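Below is one structure, written out as structure tokens, with a few remarks after it.
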There are 2 protein chains.
Amino acid sequence: MAYRKTPAEVRRLEAAREHLVVRATEVVAEAGWAQASVSAVADAAGIAAGSVYQHFPSKSALAVEVFRRAARREVEVLGEVLAGDGDAVERLRRGVDVFARRALENHGLAHALLAAPVEPAVGAERLAFRRRYRTLFAEVIEEGVTAGVLPAQHPETTAAALTGAVGEVLVYPLGTSAAHDVDLLVARLTAVALRCAGATP
Amino acid sequence: MAYRKTPAEVRRLEAAREHLVVRATEVVAEAGWAQASVSAVADAAGIAAGSVYQHFPSKSALAVEVFRRAARREVEVLGEVLAGDGDAVERLRRGVDVFARRALENHGLAHALLAAPVEPAVGAERLAFRRRYRTLFAEVIEEGVTAGVLPAQHPETTAAALTGAVGEVLVYPLGTSAAHDVDLLVARLTAVALRCAGATP
DNA sequence: GCAAGAAGTGAACCACCATTCAGACCATCG
DNA sequence: CGATGGTCTGAATGGTGGTTCACTTCTTGC
């Protein structure tokens, strides 16, 4: 028993892993998944390619972790806004508003999360997160219907349509680095989203 | 001058190319892009891998051709329905209806066209075709607004939202081979789509 | 039939990357 | 300090799959 992991050592390892994930996320946000090779990511983190495998069993596992963290943040933010104050329609409006603004603000990462081609493992994760978005939206819509501020409808379908609609409207602005009138874009998007749910203006 | 392409020979070559594209499309529809390797596609067409390069300069070029043909058919069908009889709202409803039914009928191909991961060259083509869907929808919406059957709105944004919404609602049913109640699904989808555009029920 | 030249073949080739591993380096503790 | 057993390195390995090319097979025009 001449070596035992000391708490400091454990912390150091966790920090190294954390650092790797953060840098990998930056690479993905700035250059896309295709450029995020193991060696590129390792370089960005200042470690050797082989050291990546100290922290993750495969490149896929790292990619999934990068995706999960970033996506979870968005789900949490959306969830908070949708569970906030106001009636269902107002919360829905704010949810779409916040989601869109955050995506436009960090368009590289948003594009990677929403639209960019990904390897199968990450694709599966993306599907899972879309389902979570859908569930969040569906809850608010159901509330709105029950409260009588939204017309009768199938909440799951509307929720799926909303996630698709928001994503598609944002994809083109996200794909380019050109400047947009964010307020105008967001106003148009929230208007469509509310119509989608059948809110009366 | 001992060999000159005779018309019959030219026709034979075109037929061979055609056959290759058709078989490649079948492979993509049945097994997905990932399984459509050059050798798999060549096997399906009954030719050697090397012969693919008689017809296309690269695998990418073949993939793009496969995508383009299939996507063009859908755009044409949608265009015809949207330019048919009835007011803007009715045509929009029928457009979404027909699009969804065709997709569900041929879910393998639809999934490949709409949602499955693709190589960059095909991804660019996909974006281009989405823009065409958007343009088609936008025209009808603009008509509807002018005719007063739809409320004032930004047609391009609504059109983008529509393509995204339709795609997203269909992705899950398309991804599985499970049986669905097509009529119910389509009814729900057209309802959301019409609300999206602000049509009064 | 035969020479010319194109189409077709498929095994070899090659580029690309994730992954491995033998050795270097370092932290722990008696 | 020195023995133990971890972490780190980066060049070598290996699998995958698109592409090439020397060769064979077929079509054409005389």
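At a glance:
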{"item": "Residue in segment A:176-186 that is under 17 Å from the mean Cα position of the chain (by Cα), assigned to a helix (DSSP H, G or I) and at the interface with chain B (Cβ under 9 Å from one of its Cβ atoms) present", "result": "no"}
{"item": "Residues satisfying the stated conditions in segment B:156-178, i.e. of a type in the set (Ser, Thr, Tyr) and open to solvent by 30 Å² or more (accessible area, probe 1.4 Å)", "result": "B:Tyr172, B:Thr176, B:Ser177"}
{"item": "Filter result for B:Ala147 (among the small types (Gly, Ala, Ser), under 29 Å from B:Ala61 (Cα atoms) and surrounded by fewer than 20 Cβ atoms within 10 Å (Cβ to Cβ))", "result": "no"}
{"item": "Pick from segment B:187-196, criterion facing chain A (nearest Cβ under 8 Å) and out of contact with any Lys or Arg (no Cβ under 7 Å at 6 or more places or on another chain), ranking: surrounded by the fewest Cβ atoms within 10 Å (Cβ to Cβ)", "result": "B:Arg188"}
{"item": "Check on B:Ala8, touching a helix residue (DSSP H, G or I) at 6+ places or on another chain (Cβ under 8 Å), small (Gly, Ala, Ser) and either outside the structural domain of B:Ala116 (by TED's automatic domain parsing) or over 29 Å from A:Pro117 (Cα atoms) (or both)", "result": "no"}
{"item": "Count of residues meeting criterion [crowded, with 16+ Cβ neighbours inside 10 Å, within 11 Å of chain B (Cβ to nearest Cβ) and not β-branched (Val, Ile, Thr)] in segment A:120-130", "result": "2"}
{"item": "Single unsatisfied condition, A:Gln153 versus (1) part of a loop (DSSP other than H, G, I, E, B); (2) open to solvent by less than 20 Å² (accessible area, probe 1.4 Å); (3) not small (Gly, Ala, Ser)", "result": "(2)"}
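Quick grid of which residues meet (1) within 30 Å of A:Thr200 (Cβ to Cβ); (2) free of Cβ contacts under 8 Å to residues at least 24 places away in the same chain:
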position	(1), (2)
A:Ile47	no, no
A:Pro57	no, yes
A:Glu76	no, yes
A:Val81	yes, yes
A:Gly95	yes, no
A:Glu105	no, yes
A:Ala116	no, no
A:Gly123	no, yes
A:Arg126	no, no
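The values are calculated or read from the model by the stated rules, or taken from the named source; none is laboratory data. Keep in mind the model is a prediction, meaning the values are calculated, not measured. Note: ideal-geometry Cβ built from the backbone for every residue, glycine included; neighbour counts use all protein chains shown. The accessibility values were calculated without ligands, DNA or RNA, using every heavy atom of the protein model including side chains. Shrake-Rupley method; radii C 1.70, N 1.55, O 1.52, S 1.80 Å.
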